[in-house]
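Novice: Take this structure, written in structure tokens, and hold onto it; I'll ask about it next.
Nothing in this text is a laboratory measurement; each read-out follows from the coordinates by a stated rule. Since this is a predicted model, take the numbers as computed values, not measurements. Glycine also receives a Cβ, built like all others from the backbone with ideal geometry; neighbour counts cover every protein chain displayed.
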Amino acid sequence: MLVCHPRSKTVKPLKPYCQCWNKKVPVLWVDRGACGCGEDDNVIEWGWDLPDSSRASRVVVSEDRKQVTFHPFFSTGTAAVKGVVPMKLNYHYYWEVKILSETYGTDIMVGLATDRINTEDSQFRFTSLLGSDGESYGFSYTGAVRHDDVSSRDSSGFCRGSIVGVRLDMWHGTLEFFVNRKPLPLYLYHVLVSVPGGMFYNLRRHKELYPMVCSTAAQSSMRLIYADSWRASLLVDAAKILTASVKNFKKNLPPGLRYTCRTRFWLTLPSEVCEDDEPESIESLDVGSYLTTNVRLATGMKRRHWQLR
Ligand SMILES: [Zn+2]
């Protein structure tokens, strides 16, 4: 099985999301899109910005705006691409990319940035662009989480075949990263922001944020596989609390709410996973039971079993 080798010896090796990436042989350019695991929902509200002619040699975006390939020939620095739709106040957002190529080089990152981010200065420098100042936030394949030129580096990061998720709550102003639909450990963020039980917070100071990815690695590519949003409301908060509280919510929630929580699985992804309770592999994960036994809500509220009568 293909296993990534994290830089820190204290973190667990990371596996791809599915079995499709086990072969160590190089994957042909045209075959990179072959794995469709984790892509059942087909919810994609936005795509990547098409590069202008001056950036065409550094970034190639597919016609459907889902797949990005950085430095298609050779790399001369850091290339970045952003989503076309800004993420605004008072909405919840979740989006995912699947990493389609080997991860190597100075950095490959997934994150967010304001429209004030400067991508020009780094186009001929090999750097970790996202998080290099206060205008962006980044999660690196090396495991580093980065903002305002401060990094916390103690997770496994991601590798070829990983699904990297970004959950942005522009109502509470929080940001979390996920790998294979499991949250990064919360202590990672503590280095950057001293908030008990916290994650990135205070993002409401940005009126708008754009999804962004960047890479210094030649022929590195990733594909947007999911992008959804939901306006903040009492319904969203109720859905989060109910799914975290009701045992076997797939059966016990009212049908309408059950359907919503199935199609918008990201709303109820836990913010923290108990290491002892981790499933052996993502394939064995029963999302319903996993959520109800391992959830601590983003608000810090602990799970309570609500008895249905
Ligand atoms: Zn697969």
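Novice: Return the long-range amide H neighbours of A218 (sequence gap of 5 or more, or a different chain), with a cut-off of under 5 Å between placed amide H atoms.
Specialist: S75
Novice: Could you calculate the contour length gain from D149 to R204, that is, 0.36 nm times the residue separation minus the distance between their Cα atoms, to one decimal place in nm?
Specialist: 17.9 nm
Novice: Show me, for segment 258-269, the HN-Hα J-couplings you get by feeding each phi into the Karplus relation (A = 6.51, B = -1.76, C = 1.60, θ = phi - 60°), rounded to Hz, glycine and proline as x.
Specialist: Using θ = phi - 60°, the values come out as 4, 5, 4, 6, 6, 6, 10, 4, 5, 4, 10, 4 Hz.
Novice: Now a separate question. Percent relative contact order of segment 29-232, based on C-alpha pairs within less than 8 angstrom and at least six residues apart?
Specialist: About 32 percent, as a whole number.
Novice: Separation between the N118 and K251 pseudo-spin-labels, each 7 Å from Cα along Cα→Cβ, expressed in nm?
Specialist: 5.9 nm
Novice: Same structure, new question: For L253, L184, L234, which order do you get if you count the other beta carbons within 10 Å of each Cβ and list the fewest first?
Specialist: L234, L253, L184
Novice: Further question: Once the mean 1/r over all distinct Cα pairs of segment 29-232 is inverted, what Kirkwood radius in angstroms do you read off?
Specialist: Mean inverse Cα-Cα distance, inverted, gives 16.7 Å.
Novice: In a Debye calculation with equal point scatterers on the alpha-carbon sites of segment 107-153 and no solvent, what is log10 I(q)/I(0) at q = 0.17, 0.32, 0.34 Å⁻¹?
Specialist: Relative scattering, expressed as log10 I(q)/I(0), comes to -0.40, -1.25, -1.32.
Novice: For segment 39-145, how big is the tail of P(r) above 19 Å, as a whole percent of Cα pairs? Spell out each step's value before the answer.
Specialist: Working: 2660 of 5671 pairs.
Taking all Cα-Cα pairs of segment 39-145, the fraction more than 19 Å apart is 47 percent.
Novice: Take the cross-link list K88/K182; K66/K247; K23/K182 and give me the ones stretching past 31 Å between alpha-carbons.
Specialist: Pairs exceeding the cut-off: K66/K247.
Novice: On a full-extension model of 0.36 nm per residue, what is the gain between L89 and Q19, subtracting their alpha-carbon distance, rounded to one decimal in nm? Working shown, then result.
Specialist: Numbers: separation 70, 0.36 × 70 = 25.20 nm, distance 3.80 nm.
Result: 21.4 nm gained on full extension.
Novice: Another question, if that's okay. Mind listing the long-range amide H neighbours of L100? Cut-off is under 5 Å, sequence gap 5 or more, other chains count too, H placed in the peptide plane at 1.01 Å from N.
Specialist: HN-HN under 5 Å from L100: G161, S221, M222, R223.
Novice: Just want the answer: with Cβ charges of +1 for Lys and Arg and -1 for Asp and Glu, which residue in S122, Y93, F200 is farthest toward the dipole's positive end in segment 29-232?
Specialist: F200
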